[in-house]
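J.: Have a look at this one.
The values are calculated or read from the model by the stated rules, or taken from the named source; none is laboratory data. Owing to the predicted nature of the structure, the values given are computational and were not obtained by experimental measurement. Neighbour counts are summed over all protein chains in view; Cβ atoms, including those assigned to glycine, are modelled from backbone coordinates with ideal geometry. Side chains are part of the model used for accessible areas, which takes the heavy atoms of the whole protein and leaves out ligands, DNA and RNA. Shrake-Rupley method; radii C 1.70, N 1.55, O 1.52, S 1.80 Å.
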Amino acid sequence: MEKNTLIFGKDLEKIADQAIEAVLRTGRFLAKASIASVSQKEGHANFVTDLDVKVQEMLVTALTPLIPNASFLLEESDEAPRLSELVWIIDPIDGTQNFICQNRQSAISVGLFSQGTGLLGIVYNPFLEEIFTAVKGNGAFLNGNPIHVSEKPLSDAIICAGTSPYYEELHEKALHAVSALFPLCADFRRFGSAALEICYTACGRCDGYFEYRLSPWDYAGASVILTEAGGRIGSIEGGQLDYTQKSGIAAGGQAVFEALRKLL
Ligand code: LIP
C-alpha cells in the first residue's frame, strides 16, 4: 500500500497514530485498574470482567471520531455487527484468564479492516509496556523498533500451542496435535493470549503458532502485525481467513507455516 493512503480523505498513518494513542491511554488505565466483577460466559473456563466491558467502551468512544462511518466487531457485545466497508475488530482484553490471574500476559487488540484486508494492527500489553503495531505496507514494530519473523525450519522451532480451552470438543484434538508435533519441533510454549502469541511469532520470540478455534477479535489485529513482519497466517482448514467468522489459525515464517498447515 502506498504511503499516505487515504481513508475517507484522512491519511491512514495519521489514523494509526491517533488509534495507537487511544490504545496506549486505555491500556495505562487498565494497568492501574482493579477488577470489580467476574462473570462466566458460555463454554469451559470462559470469563469476562467488568474491565473487559469498560476498556471496550473506552476504545469505541475514542476510535469512532477517527472514522465516523466505520463499524465495530467487538468481543463483549451481543449485537450482530453492522459490517460496513471499514471495520474495527477489537478484543478489549485478550487473555482474560491471564488478566484475572495477574500474570501480565494480556493485551488490548485492535485491527482495522477494509473488506477483509487488514490495514492497521495494534496489540498492546500494558503490563509489560510492549506495543506491537503495523500499518499495511509499512512494516511491523515492537515499541517502534522493526520486527521480523524467524525463518527457522520446524525442527528448530518453538511453537505456541493454543489449547482452545473454551471448546471442550477440541481439547483432545489440541493435545493430540501437541503430542504429534512434539518430536518434529524444538519445543512448545503456551502464553494464553492468541494476540500476544501471534505477535511473539512476528518478532521471533517464538517461531510459529496454532489454535483450532479462535474468534476474529483474538487474531485480527495481530494478523496485520505478523503479515507486515514477513510472516504467513491462515486458517488451518485452508482458504482465505474470513475475519467475520471463528477459525482455526496457523501462523509463522514460510517453512513453519507450511509445515503446520500440512500437519494440523
Ligand atoms: C483467548 C485467546 C486464547 C485462547 C482462548 C481465548 P480471550 O482470548 O487469546 O489464545 O486459547 O480460548 O480465545 O477470551 O481471553 O479474549
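J.: In terms of modelled amide H atoms, which long-range or inter-chain residues lie less than 5 Å from the amide H of Glu130?
T.: Placed amide hydrogens put Asn125 under 5 Å from Glu130.
J.: Can I ask one more? With θ set to phi - 60° and the Karplus curve 6.51 cos²θ - 1.76 cosθ + 1.60, what are the ³J(HN,Hα) couplings of the stretch 147-155 in order, to the nearest whole Hz, using x for Gly and Pro?
T.: 10, 8, 5, 7, 10, 5, x, 3, 4
J.: For a quick check of your reading of the filter: which GluC sites (Glu not before Pro) in the stretch 198-244 sit in a DSSP loop and have no more than 13 other Cβ atoms within 10 Å?
T.: When the GluC sites (Glu not before Pro) of the stretch 198-244 are filtered for loop state and at most 13 Cβ neighbours within 10 Å, Glu237 remain.
J.: Considering the chain, what Rg and Dmax in Å follow from its alpha-carbon atoms?
T.: Reported Rg and Dmax, both Å: 17.2, 52.
J.: Next up: Not counting ligands, DNA or RNA, and with a 1.4 Å probe, what is His171's accessible surface area in Å² rounded to the nearest 10?
T.: My reading of the accessible area for His171 is about 50 Å².
J.: Moving to a separate point now. Placing unit charges on C-beta atoms (Lys and Arg positive, Asp and Glu negative, everything else neutral), compute the dipole magnitude of the chain about its Cα centre in debye, rounded to 20.
T.: The dipole magnitude comes to about 360 debye.
J.: Any idea of Trp217's accessible area? Nearest 10 Å², probe 1.4 Å.
T.: 40 Å²
J.: Farthest toward the dipole's positive end in the chain, which of Ile158, Gly116, Leu6, given Cβ charges of +1 (Lys, Arg) and -1 (Asp, Glu) about the Cα centre?
T.: Toward the positive end, the furthest listed residue is Ile158.
J.: I need the phi-derived Karplus couplings for the stretch 173-187: 6.51 cos²θ - 1.76 cosθ + 1.60, θ = phi - 60°, integer Hz, Gly and Pro marked x.
T.: With the stated coefficients, the stretch 173-187 comes to 5, 5, 6, 5, 4, 4, 5, 6, 7, 3, x, 9, 10, 7, 5 Hz.
J.: Another question, if that's okay. Whenever you get a sec, line up Ser84, Ser193 from highest to lowest accessible area (probe 1.4 Å, protein heavy atoms).
T.: From most exposed to least exposed: Ser84, Ser193.
J.: Using the Cα centre as the reference, give the magnitude of the dipole from point charges on the C-beta atoms of the stretch 154-263 (Lys, Arg: +1; Asp, Glu: -1; all else neutral), rounded to the nearest 20 debye.
T.: Approximately 80 debye in magnitude.
J.: In addition: Using a 1.4 angstrom probe on heavy atoms only, work out the carbon and sulfur share of the accessible area of the stretch 132-222 in %.
T.: Using a 1.4 Å probe with all protein chains present, the stretch 132-222 comes out at 56 percent carbon and sulfur.
J.: With every protein chain present, what is the per residue accessible area of the stretch 158-253 (1.4 Å probe, Å²)?
T.: Roughly 36 Å² per residue, with all protein chains present.
J.: Can you list residues from other chains, or at least 5 along the same chain, whose modelled amide H is less than 5 Å from the amide H of Gly162?
T.: Here Phe210, Glu211 satisfy the definition.
J.: Full-extension gain between Lys32 and Asn103, please, as 0.36 nm times their residue separation minus the C-alpha to C-alpha distance.
T.: 24.1 nm
J.: Using a cut-off of under 19 Å, list every residue of the stretch 71-107 whose amide N is near the label point 7 Å from the Cα of Leu128 along the Cα-to-beta-carbon line.
T.: Label zone hits: 91-107.
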